[in-house]
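Here's the structure, in structure tokens; my notes come after.
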Protein chains: 2
Amino acid sequence: MSQAPNLPGLNAIEEAAARIAGHVHRTPVYTSRCLDELCAAELFFKCENLQKVGAFKARGASNAVFSLDEAQAARGVATHSSGNHGAALAMAARRRGIPAHVVMPATAAAVKKEAVASYGAVVVECEPTLAARESTLAQVVEQTGAHVVHPYDDPRVIAGQGTVALELLQQVPDLDVVVVPVGGGGLLAGVATAVKALRPATEVLAVEPAGADDAFRSFGLGERVPQTSPDTIADGLRTSLGELNFAVIQQRVDTIVTVPDAIIVRAMRLQWTRLKTLVEPSGAVSFAGLLEHPERFRGRRVGLVISGGNLDLDQLPW
Amino acid sequence: MSQAPNLPGLNAIEEAAARIAGHVHRTPVYTSRCLDELCAAELFFKCENLQKVGAFKARGASNAVFSLDEAQAARGVATHSSGNHGAALAMAARRRGIPAHVVMPATAAAVKKEAVASYGAVVVECEPTLAARESTLAQVVEQTGAHVVHPYDDPRVIAGQGTVALELLQQVPDLDVVVVPVGGGGLLAGVATAVKALRPATEVLAVEPAGADDAFRSFGLGERVPQTSPDTIADGLRTSLGELNFAVIQQRVDTIVTVPDAIIVRAMRLQWTRLKTLVEPSGAVSFAGLLEHPERFRGRRVGLVISGGNLDLDQLPW
């Protein structure tokens, strides 16, 4: 497989792994005989819901924060986020001892603002529109000189997320297929880069909610189409695919499939019941891919990334 | 500490560990900086909710089943249970390839009957009274010659449950206190036996729901009083303390405290949110003890047993 010179490579992921060791967890791989029997396959769940801040985002944010030189770092970091990336960046900044500014819509759940604030970050509230988020972030940067860390369209973030696959392939070397949810595409791009460099014969299969299927459509068309009006319970996957991420994905991903929300909820509940682990809707999308497309996986050794476990226990979808 | 000759000892627990290795999981120990900060202590959660059948009961049942000689085993095993012990005995019997008969009240949740049946056991329904359960079990034994395995008042079961502490002390040797929920007392008796044999200076502290506090009262009085009309969300801890268990507990347990149900629910929810792991109400009782009696634990290294993770996701207590 040819590699465009500007795409992140295995080196960057290996460097990220060394850089973030000690700052993030090496997460466990769960197995379940019951779920293996249900799917007629051997399943290996990489539990990024047990990662710091409850999601793989801790990896990319930590790699970005610890990549900064001293002068850059001293001015702090900033982002806009209503989800896991904000908490991850705040956590990484606290570990480096630098300021973090997280722009969040005023309508974000109080529990999410508290999570970010609990890591010592400054929460800057704004109107709940993308325009307001971007202009508020620009203001923060102008006032503080903080360095912006994008949640997914950034080579340092992609490399950090790729460490998920580096670990998984150490824990379970002989996988036939690795299954990853796709939203902005940082996790997918990083995982695909690691897998295709280390085990080119292993299939990289992405799963996307049918109600936010821009990656599926972009992959099929060969050109990036934005996500408009997403409608899915998987709130972490409503974003449009990033530009750099799309370039990586075109080169290194084998397959993208979609799943309806009802199957995402079924997958989530099965994982809660059988693995005894909390999986957020976005985190259950990889397993939903198996339930929706069982014929693709029968008899195979399947690695599945559970991307996160943060959700409101008062708003469960059943 | 003197030891009455008929109480189970460390030997029995070490033999149990060898006997059940390969049939049950070595469960992980979870930590959380956030919960450590909340409690001003170092917490080590022994995750028996990730045990086979979702509870520590797999250990005692496996030890009992694999202790039987060939002739006994061939006639199968039997018990009455509306909870985790029935599933555990069914699982262990399947692994040994022998029949299991589990007497369950007709009113038990369908999901519980299905769980037992899914391990290949015969579910025998009866009226939902203790008298009916016992007479139905006696009938089963008469018809089949099956060997009855009591859920907790049995030295083989106590020894099996004690392997929880054997593992925990290997995983975290220098604990100041080990915290265990108490219902029938099998887990507590086993854990106390292992801890006091291996690390006599480590405190063994049991926690009981205030609405089913017969162990607390019995321990204080120095004589066993039965539990009548239990009223607690912790359905696994509504039973009366077993006779043998009480004898062990009197010798080897340092402290028993009680907790109200509201704190059990708070503990459960905090564990779900922070550890991302499913804990049933009974399983959250040990951590509830910390929340209710923080002064006992401040600055100490605390091992806590999460005893199980089986519950109905449609009946959450919030």
Q.
If I go through the range A:100-122 residue by residue, how many of them are closer than 18 Å to A:Gly76 by Cβ and crowded, with 19+ Cβ neighbours inside 10 Å?
A. 8
Q.
Being touching a residue at least 12 places away in the same chain (Cβ under 8 Å) and over 24 Å from the mean Cα position of the chain (by Cα) is true for just one of A:Thr107, A:Thr144. Which residue is that?
A. A:Thr144
Q. Which condition number in (1) at pLDDT 95 or above; (2) within 19 Å of the chain's Cα centre (by Cα) is the one that A:Thr31 fails?
A. (2)
(Q) Can you say whether B:Leu241 is assigned to a helix (DSSP H, G or I) and more than 14 Å from every other protein chain (Cβ to nearest Cβ), as far as the supplied structure shows? (A) no
Q: May I ask you to say which residue of A:Ala78, A:Ala165, A:Ala92 is outside any helix (DSSP H, G or I), modelled with pLDDT of 95 or more and of a type in the set (Gly, Ala, Ser)?
A: A:Ala78
Q: Could you run through the range B:240-269 and say how many residues are out of contact with any Lys or Arg (no Cβ under 7 Å at 6 or more places or on another chain) and crowded, with 20+ Cβ neighbours inside 10 Å?
A: 14
Q: With respect to A:Arg266, determine if the residue is under 30 Å from B:Glu48 (Cβ atoms), of a type outside the set (Asp, Glu) and within 14 Å of chain B (Cβ to nearest Cβ).
A: yes
Q. Only one of (1) within 14 Å of chain B (Cβ to nearest Cβ); (2) touching a helix residue (DSSP H, G or I) at 6+ places or on another chain (Cβ under 6 Å); (3) not charged (D, E, K, R) is not met by A:Val259, so which one is it?
A. (1)
Q) Within the range A:271-318, which residues are in a helix (DSSP H, G or I), within 11 Å of chain B (Cβ to nearest Cβ) and under 13 Å from the mean Cα position of the chain (by Cα)? A) A:Gly283
**Q.** Positions within the range B:36-55 being within 13 Å of chain A (Cβ to nearest Cβ) and out of contact with any Phe, Trp or Tyr (no Cβ under 7 Å at 6 or more places or on another chain), in sequence order
**A.** B:Glu37, B:Leu38, B:Asn49, B:Leu50, B:Gln51, B:Lys52, B:Val53, B:Gly54, B:Ala55
**Q.** Subset of the range B:281-310 (residues that are among the aliphatic types (A, V, I, L, M) and surrounded by fewer than 23 Cβ atoms within 10 Å (Cβ to Cβ))
**A.** B:Leu291
(Q) Given (1) within 14 Å of chain B (Cβ to nearest Cβ); (2) in a helix (DSSP H, G or I); (3) buried (at least 24 other Cβ atoms within 10 Å of the Cβ), identify the lone condition not met by A:Ser62. (A) (1)
Q: Considering (1) under 20 Å from B:Leu290 (Cα atoms); (2) surrounded by fewer than 23 Cβ atoms within 10 Å (Cβ to Cβ); (3) of a type in the set (A, V, I, L, M, F, W, C), say which one B:Ala215 fails and leave the rest.
A: (2)
Q) Can you tell me which residues in the range B:3-58 are part of a loop (DSSP other than H, G, I, E, B) and either polar (S, T, N, Q) or in contact with a strand residue (DSSP E or B) (Cβ under 6 Å, 6 or more places away or on another chain) (or both)? A) B:Gln3, B:Asn6, B:Thr27, B:Pro28, B:Thr31, B:Ser32, B:Ala41, B:Gln51
**Q.** Filter result for the condition that a residue is at pLDDT 95 or above, touching a Gly at 6+ places or on another chain (Cβ under 8 Å) and among the small types (Gly, Ala, Ser), over A:Ala40, A:Ala71, A:Ala18
**A.** A:Ala40
Q.
Looking at A:Ala132, A:Ala61 in this structure, which one is under 30 Å from A:Phe287 (Cα atoms) and of a type in the set (A, V, I, L, M)?
A. A:Ala61
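The values are calculated or read from the model by the stated rules, or taken from the named source; none is laboratory data. Quick caveat: nothing in here was measured; it's all calculated off a predicted structure. Positions of Cβ are generated from backbone atoms using ideal geometry, with glycine treated the same way; all protein chains shown enter the neighbour counts.
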